[in-house]
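The values are calculated or read from the model by the stated rules, or taken from the named source; none is laboratory data. The structure displayed is predicted, hence computed values, not measured ones. Because the Cβ atoms are built from the backbone with ideal geometry, glycine has one as well, and the counts that use them run over all protein chains shown.
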Amino acid sequence: MKCQAIDPTFSFLLIHTLLTPPHPVTFQSLWRSFQNLKDVGVVQVKVIRAEGLMAADVTGKSDPFCVVELSNDRLQTHTVYKNLNPEWNKVFTFNVKDIHSVLEVSVYDEDRDRSADFLGKVAIPLLNIQNGERKAYALKSKELTGPTKGVIFLEIDVIFNAVKAGLRTLIPMEQKYMEEEPRVSKQLLLRNFYRVRRCILFLINTGYYINSCFEWESPQRSICAFVVRDLSKTNEHVSQQVSKAASILWTPV
């Protein structure tokens, strides 16, 4: 009779549990290892503050709030209005169902009329967390392919039972629920607003300039404008005459 190979992750976590001395805060007792296998531990996240966030409003400010996600569990902070360096100081606790899960912290700009606008995100594997360490994380794009503007300060603690964590590795990971992307982006609307505003300002300034030329507010500028206009008309007339002459010359007899 052949013995089934033991998962290496399970072996590592089991040895870690047996060799690590008990700690009054961070150690879950071995005798509870086979109780409620769905939860292998807890993670505590303190969302402290952020700095240098992207401006999402016309006023050059943002209304940021944080969303903390672990698997399909999701919690969020309150909103700090009109601030690019918000402070939240909120503590959240999640049950850990898989020690290989990734903790995601996203920053959004609140919009009462539309869906929230994305400002940045960090993704931290639970096994990479150093307990009690306050750390600054650079915000990244939604796909985590590159940096975006701003950093966020977090303090995270993970408490888990290594035996239960090892047993959970034999069970397929829970599928994460994917939300539908909003069709309207506030940042896109903001960029379009700035583009339209620049066009309107250009037309207004052009109108002021033409009006000042006709009112002779600056004689030198008015003379130059009319000379340029006359030269343009002359060049256009000459071009028409040249084109007409060329057509006559190239007309077959």
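Quick rundown of the values:
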{"quantity": "Among (1) out of contact with any strand residue (DSSP E or B) (no Cβ under 7 Å at 6 or more places or on another chain); (2) surrounded by 17 or more Cβ atoms within 10 Å (Cβ to Cβ); (3) aliphatic (A, V, I, L, M) - the single one Leu127 does not satisfy", "calculated": "(2)"}
{"quantity": "When residues of the range 17-67 are limited to those that are within 37 Å of the chain's Cα centre (by Cα) and at pLDDT below 50, the one surrounded by the fewest Cβ atoms within 10 Å (Cβ to Cβ)", "calculated": "Val25"}
{"quantity": "Residue list for the range 96-131, restricted to those being out of contact with any Leu (no Cβ under 8 Å at 6 or more places or on another chain) and assigned to a helix (DSSP H, G or I)", "calculated": "Leu127, Asn128"}
{"quantity": "Filtered residues of the range 39-58 (kept if in a strand (DSSP E or B) and not β-branched (Val, Ile, Thr))", "calculated": "Gly41, Gln44, Lys46, Arg49, Ala50, Glu51"}
